[in-house]
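Got a structure for you, questions after.
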Amino acid sequence: MWMKWRQRWYWWMHRSGKGNFYRRSLILVLCITSLPTVIIGYTSYITGRAHIEKEIMRNHDALLQKTIDRMNDNLAQLELAATQWSLDSRMDTRLKDINLKDEYNTTQNLYRFLGVMKGAYPLIDQAQLYLDRQDQPVLISDSEGIIPVSDPQDRDMFHSLTDQKRGVFWQESMPRVNTKAGSTSLALISRLPSVGESYGALILYLDREKLVRMVEEMTTDTKGSSFLMSRDGQILITPTNATDEQAEREAAVRESVKDRTDDIGSYILERKGESYSVAYGQFSRLGTTWKFVTATSLSQLTAPVEFMSNSMLLIGGVGLLLAVLLSWFASKRIYQPIVRLVNVIKDYQPTRDSGGDDLAFIEREWKHLSQESRALEVKLEQAFPALRSAFLLQLVQGHFYSLSEAELRSRMESFGWETESQRFVLLLVQISGLAKEDGRFLESEEQLATFAAANIAQEIVHKRSHHAEVINFQDKTVGVLLSYPMGQTKQQAKDELYLLADDLGRTISSLLKMQTTVCMGRLTSQVHDLPQLLAYLRSAIRYRDLNAKHQVMDLEEMLPDANDSVYYPFTLEKELMQALRLGQNEQSLHLVESFVRELVQQSSNEKILREGAMQVLGSMLHTILESGFNPHKLLKNYDLYEQLNQLREPEQIVRFFQQKVISPYMEGLNNYQDIHMKRLVEQVTERVQQRFMSSDISLEECAEAFNTTTYALSKAFKQINGVNFIDYLILLRMDKAKSLLIDTDLKVNEIAEQIGYQPSYFIRLFRKFENMTPGQFREQRGS
């Protein structure tokens, strides 16, 4: 064998036809290219590992902080929702003594309410309502029904929830009833009620699998681990199918983190010859502190650097030793296109390995890319309706004002709209009547009612027109965008549009039992006009008939009429202001309801109703100010005009005045009368005693001097002193007159003038009180 290699070497050196310069140059080039590879491999290993460790630690800390913030936000939203649910009217104190079996509707409402809770937040696995009853505590679940709590240990545990000082708190190991022994979950507890004597608790069990997936998002490889632990070091959330090696690694990480006092930090942990980047962060929720920990294997992350460095060293050494042999294959360039293609694929997918067969590797990668392409096409097709609706919503709201007409048409065409030789029109559908007692929806279910109306409109529109899209504005209004070809006349398009609007109004009103108004816009050939048309429609729809169940309004036919009279119930307003001044609570509540009802009956127009409500609100605030109260302070600085402007239903406006204006004012007025009127009467009494002989003293003069009304002063004076103001003043003057008649020789006329009376009136008044004239009184006492 050695002789054969020697003969080949001799032939290549002397008989191959190549000169010595060529062969030596080739060997020199190979050596020069190999030595840098060795140097680069060694230096890249030294510097690359340190740089990777530094970058991993930095990125690890940033990713950990984002994960903690996201988890914190999710838990904060859940806490806010639990607080709101606990304040729901379905969770009032009636549940404490109600018979759940007899009250079927109440029990079903509770089931549905608990089901809504579970469906509202993906993190909630189960929502239960615990009622702490002395005879038999029970748990209410939407899936398991009414569960009696019979076990004494379970009773004590659930009863302890109602003794907590916090209204909302976390329970790290909350057991479940009717499950296998030892089954616990992280749960959010909300006492009922949150303040005062508790009669139960709302228990929200968190889905352990989803928490595990949230925690595992920080785990980037099989040798890493992530978990959530409590303040005392107990692991709360960790993968359940961990191997023994993973469990040991997790325990080692937990022991190393448990004694660290920093809220957030990172460090390198050496274990069994491997290095781990450990990052941890601490956060608190409602007094409960948790620590999120994640560990990533540095050895696995730096393995590519070591592999590349060793490869460079090996290639450099082999190239240096086998430079002559490699020259034999210098002409074998036919395989280079395949190598280039393999390298391109590897650059796109660095973790892919050809496995030695480059052609099979290329075929496998081609199939993989084709599958990914098809999967992306399916996802895009599924998301297309949502993208289309979102685009149209932003279009009509004017968010694309910076785009040109051509750009807008191009985008609409990309979503399947035909824009060439088309005219566009916008319908606005508004539903109202949520505040009415006979409606199908609660007043708080505004978005649900709008969603139902949008679905009905979607079904009707798609049956009538292929070029239409329903837009849900989520505020009791629904838009319908339609297009008509230029070849169709305007009147034909208007006729079709009116039939569609009438069908929408009637159907939605009939199915939802609500008032429905459909406002038709004008036809336009410019997409840029749609946001302005929507603004016109929203302004025009305020002129809807408040008494009509369903109506269709045409924006082009709504012209102002100079002969229209404006009605305003001035008499009712005057009676309402007088009732407020007199502190008549029941009368004020009744009058404000009559005022709104009169506006609705006489105007039948939402805009006039709103303007009339604004006018009477200003009058009420003026009356409150005249009564000596600061409206902003008394009414808790509510932005009353802004709140009133948001209301559309007459019933909502009535409740607004009764709850936000009249009731707070009457409460403040009663408190003021109870506390301050006694002091005021004492001051007025002292003033009367000092100046009763003056002819200027009167009820009006005292009311003006102490900045109050004559009615309020007269009423308080009578209530506190037991005698009205005039009688009290007359008694003082009569006592003084009798003293002067006895102790002085003044004439009757002089005495009358001193005490502030005309002589004739004094004599009549004295005779009325004493059954004798002043002269007879003096003679009787003198004798």
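We did not get these values from a lab; they are worked out from the coordinates using the rules stated. Since the model is a prediction, treat every value here as computed from it, not as a measurement. Virtual Cβ from ideal backbone geometry, glycine too; neighbours counted across all protein chains shown.
Amide H to amide H, which residues 5 or more places from residue 550 or on other chains are under 5 Å from it, using H placed in the peptide plane?
The list, which skips near neighbours in sequence, is 516.
Please work out how much length the chain gains when fully extended from residue 76 to residue 247, using 0.36 nm per residue of separation minus the C-alpha to C-alpha distance, in nm with one decimal.
58.5 nm
Another question about this same structure. Amide H of residue 285: which non-local residues (sequence gap of 5 or more, or other chain) have their own amide H closer than 5 Å, using H built in the peptide plane?
So residue 285 has HN proximity to 290.
Can you check what the net charge comes to around residue 526, using other residues whose Cβ is under 14 Å from the Cβ of residue 526 (Lys, Arg +1; Asp, Glu -1)?
After counting each charged neighbour, the total is -1.
Taking a cut-off of 21 Å between Cα atoms, list the lysines near residue 258, but don't count ones fewer than 8 places away on the same chain.
Output for residue 258: 223, 272, 291.
Also, quick follow-up: Using 0.36 nm times the number of residues separating residue 105 and residue 184, minus their current alpha carbon distance, what extension gain do you get?
That pair, residue 105 and residue 184, stretches by 25.3 nm at full extension.
Give the distance, in whole Å, between the Cα centre of segment 54-132 and the Cα centre of segment 374-413.
Taking the Cα centre of each part, segment 54-132 and segment 374-413 sit 35 Å apart.
On to the next question. Identify all aspartates and glutamates with a Cα-Cα distance to residue 678 below 19 Å; exclude those on the same chain that are fewer than 8 residues away in sequence.
Filter leaves 667, 686, 700, 701, 704, 727.
Right, here's the next one. Grab the Cα-Cα distance for residue 489 and residue 90, subtract it from 0.36 nm times how many residues apart they are, and report the gain in nm with one decimal.
Between residue 489 and residue 90, full extension yields 138.1 nm more.
Also: Report, in whole Å, the centroid distance computed from the Cα atoms of segment 134-176 and segment 705-783.
Distance between centres, Cα-based: 75 Å.
Would you mind ranking 779, 557 so that the residue whose beta carbon has the fewest other beta carbons within 10 Å leads the list?
557, 779
Separate question: Sort segment 356-419 into rounded, prolate or oblate with this rule: let a ≥ b ≥ c be the square roots of the eigenvalues of the Cα gyration tensor; rounded if a/c is under 1.5, and if a/c is not under 1.5, prolate when a/b is larger than b/c, oblate otherwise.
prolate
Enumerate the lysines that residue 549 could reach by cross-link, defined here as Cα to Cα under 28 Å, with residues fewer than 8 away along the same chain left out.
436, 463, 476, 494, 513, 607
Would you mind putting 591-597, 247-253 in packing order, based on average other-beta-carbon counts within 10 Å, highest first?
Result, highest mean Cβ count within 10 Å first: 591-597, 247-253.
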